[in-house]
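Structure first, commentary second.
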Amino acid sequence: MTTPVVMYEQEYEQLKNVITRLCADANAKFVFLVDKSGQQIAAHGEMLNLDTTSLASLTAGNVAATDGLAHLIGERGFPVLSHEGERDHMYISKVASHIILVVIFDERSSLGLVRLRVKRATGEMTSIFESIDSKVARERDVGVGFDSPFAEITEDDIEALFN
Amino acid sequence: MTFINYASREINCKIVYYGPGLGGKTTNLQYIYDSTAAQSKGKLISLATETDRTLFFDFLPLDLGTVRGFKTRFHLYTVPGQVFYDASRKLILKGVDGVVFVADSQRERMDANVESLYNLELNLKQHGYELDKLPYVVQFNKRDLPNIVSYEDLKSELVRNGEPIFESVANRGIGVFETLKAVAKQVLMELRKNSGG
């Protein structure tokens, strides 16, 4: 099993601030972050009742599929994907090595504005993810591991989940 | 890849159902979806062809409850079983925490089982995983059909390293939750091991 992706409270709040500001600056309806395996990390916006879990898994699938296409034509990947609908549009870009940023916007904004604001926010988010990575590495180096809630899980705990 | 969110106190894990085409992977997810209370499940997403064959993946998010104050959620995926969808299968294995291999017990599908298992090992390797180091269970599906391979023969062909085996009839739910429970348990125990517990 690979090392888990960890999100700490401090960095989560920082990311929330960045995407909240991005949503306002880009006049977007919704902004969210998802990791490449399809796990939602943070979200902000006005779209109520949006199924963000499905959105996250389909976004990851979409990015993985287009990366596959890129490799077929000898590209390393497509760093940006843009989908245009009748009313709402999606702008998808990569942040850090394993994170995907999605911005949903309508006629109140434009692709140019979204692209501009995303560029600025990407730098901020990249440093937050780097800070998480170094925190995880530091804890691993000193041998404490992260404070996993599963360190003391028992078979009874697991049985209870299925009852 | 397990995602531990300390801010929202959630843990998400990814389980992939693998196996030959028409073996019952989607049926497993469909049964889990149909038998789970509304508050514990998300939407079942099926990216399928017009003839209901899986094209890219099926996806079912499942809330199992709370462990030590953390909401524990499993994301269940299936892969398209048909041989020519290999590029898609490879993508879905990215970040996997546990695998269920759904074998078709029918005699005429034995070669397809063997080929799919070989393909699983190959695709995992390309992501840097090894099957015998991942949480992994095998399900022998369609045990109610007349023309099936014996348990012992399936075991000797498909079981590598003493991994748990479950006999199932997925469309009637037999063995479905037992399989899920076994792989989920291995995933959680692996998390314990990796966090020094």
How far apart, in nm, are two points set 7 Å out from the Cα along the Cα-to-Cβ line at A:Phe162 and at A:Asn27? 5.4
Cα gyration tensor of chain A diagonalised, 5x eigenvalues square-rooted, in angstrom largest first, produces semi-axes 30, 18, 18
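Cross-link list B:Lys41/B:Lys133; A:Lys36/A:Lys119; A:Lys16/B:Lys125; A:Lys29/B:Lys25; B:Lys25/B:Lys125; A:Lys119/B:Lys71: which exceed 25 angstrom alpha carbon to alpha carbon?
Working: B:Lys41/B:Lys133 29 Å; A:Lys36/A:Lys119 19 Å; A:Lys16/B:Lys125 36 Å; A:Lys29/B:Lys25 36 Å; B:Lys25/B:Lys125 22 Å; A:Lys119/B:Lys71 34 Å.
The pairs that break the limit, which is 25 Å between Cα atoms, are B:Lys41/B:Lys133; A:Lys16/B:Lys125; A:Lys29/B:Lys25; A:Lys119/B:Lys71.
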Protection proxy ranking, peptides B:99-110, B:10-21, B:167-178, average beta carbon neighbours within 10 Å, highest first: B:10-21, B:99-110, B:167-178
Ignore the peptide's own chain and count Cβ atoms of other chains within 10 Å of each Cβ in B:188-194; give me the average, rounded. 6
For segment B:3-195, I need the span (max minus min coordinate) of the C-alpha atoms along each principal axis, in Å, sorted largest to smallest. 51, 33, 30
Run a plain Debye calculation on segment B:28-110 (Cα atoms as equal point scatterers, no solvent) and give log10 I(q)/I(0) at q = 0.21 Å⁻¹, rounded to two decimals, same order as the q list. -1.12
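What is the mean projected area of the alpha carbon convex hull for the protein assembly as shown, to one decimal in square nanometres?
Across all orientations, the protein assembly as shown yields a mean hull projection of 18.6 nm².
No lab work stands behind these numbers, since they all come straight from the coordinates. Note that the structure is predicted; figures quoted are calculated from it, not measured. Please note: Cβ atoms are built from the backbone with ideal geometry, for glycine as well, and neighbour counts cover all protein chains shown.
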